[in-house]
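Below is one structure; the comments refer to it alone.
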Amino acid sequence: MTPRLKVCGTTSVQDAVLCAEAGADALGFIFAPISKRLVTPHVAREASLSVGVTVARVGVFLGQGLDEVLRLAEASRMSVVQLHGPLSPEFVETVAQFYPVLRVVKVNELQTEGERWAGDPRVTLMVDAPNPGGGVPLEWEALKAVWPAGTWLAGGLGPENIREAIHLLRPAGVDAVSRLEREPGVKNPQAVQAFVDAVKRS
Ligand SMILES: O=C(O)c1ccccc1NCC(=O)[C@H](O)[C@H](O)COP(=O)(O)O
């Protein structure tokens, strides 16, 4: 099955519409203050309301408290929350009572987190590189043996390598940012379209 496709790091209405028209299933909006792709709730809300009913809007959080996560997700009209970093199961569980969750894990957490959330449709795992938004791919061959069905893949994905990653792991979804940009926070339209086309043809 063709994986779902998320383009992350949306910082403008223009780029949101560009990615939606290119064929992205989901757009990521980063609210983690350390990011070079930080977006304001106001812009994220305008962008969210510009992409129609079929595109998911994913609020991305790292190192933020529960109140802040829920407040920003609500203010910016997100439909999904993506959680990075070390978090208690109770934290994830509480967010999952309000939003579907993409729970980002490192390779060494995959087994434990996979077992923890198995069978819970509210929480989907996404494996990412240690440095989110860093454009560095994981060792996909090594992941094959421990890859749970239904897991998403991120980390250094782009038009030039996405078909290999999909072929090896058959992820339920794929996510990318660095390799689809002209500069941090600004999309490269050709790279976005090439990425979407490669995923849809995989
Ligand atoms: O991209 C960021 O700047 C970022 C910062 C802090 C937390 C998460 C961040 N990005 C999350 C994503 O979903 C990225 O798409 C994912 O890490 C893959 O990035 P890349 O390897 O650059 O494709």
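The values are calculated or read from the model by the stated rules, or taken from the named source; none is laboratory data. Just so you know, these numbers come straight off a predicted model, no measurement behind them. Here the Cβ is made from the backbone with ideal geometry for all residues, glycine too, and neighbour counts use every protein chain on show. Heavy atoms of the whole protein, side chains included, go into the accessibility calculation; ligands, DNA and RNA do not. Shrake-Rupley method; radii C 1.70, N 1.55, O 1.52, S 1.80 Å.
Would you call VAL60 in a loop (DSSP other than H, G, I, E, B) and either in contact with a Phe, Trp or Tyr (Cβ under 8 Å, 6 or more places away or on another chain) or within 16 Å of the ligand (Cβ to nearest atom) (or both)? So VAL60 fails the test. Answer yes or no as to whether ALA16 is assigned to a helix (DSSP H, G or I), within 16 Å of the ligand (Cβ to nearest atom) and either modelled with pLDDT of 95 or more or in contact with a Leu (Cβ under 6 Å, 6 or more places away or on another chain) (or both). For ALA16, the condition - assigned to a helix (DSSP H, G or I), within 16 Å of the ligand (Cβ to nearest atom) and either modelled with pLDDT of 95 or more or in contact with a Leu (Cβ under 6 Å, 6 or more places away or on another chain) (or both) - is met. The C-beta contact set for the range 164-184 (first residue touching a residue at least 60 places away in the same chain (Cβ under 8 Å) and over 27 Å from SER12 (Cβ atoms), second residue among the charged types (D, E, K, R) and open to solvent by 40 Å² or more (accessible area, probe 1.4 Å), distance under 8 angstrom, 6+ apart or interchain) comprises ALA172/ARG4.
Flag not set for LEU138, criterion: of a type in the set (A, V, I, L, M, F, W, C), buried (at least 20 other Cβ atoms within 10 Å of the Cβ), assigned to a strand (DSSP E or B) and in contact with a Gly (Cβ under 9 Å, 6 or more places away or on another chain).
To keep it simple, each residue is scored yes or no on (1) of a type in the set (Lys, Arg); (2) assigned to a loop (DSSP other than H, G, I, E, B); (3) within 19 Å of VAL192 (Cα to Cα).
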residue	(1), (2), (3)
ALA20	no, no, yes
PHE29	no, no, yes
SER35	no, yes, no
ALA47	no, no, yes
ASP67	no, no, no
MET78	no, yes, no
LEU87	no, yes, no
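The residues of the range 142-159 that are within 14 Å of the ligand (Cβ to nearest atom) and not in a loop (DSSP other than H, G, I, E, B), listed by number, are TRP152, LEU153. When each of VAL92, VAL51 is tested for being closer than 21 Å to GLN190 by Cα and either surrounded by fewer than 16 Cβ atoms within 10 Å (Cβ to Cβ) or at pLDDT 95 or above (or both), the lone residue that passes is VAL51.
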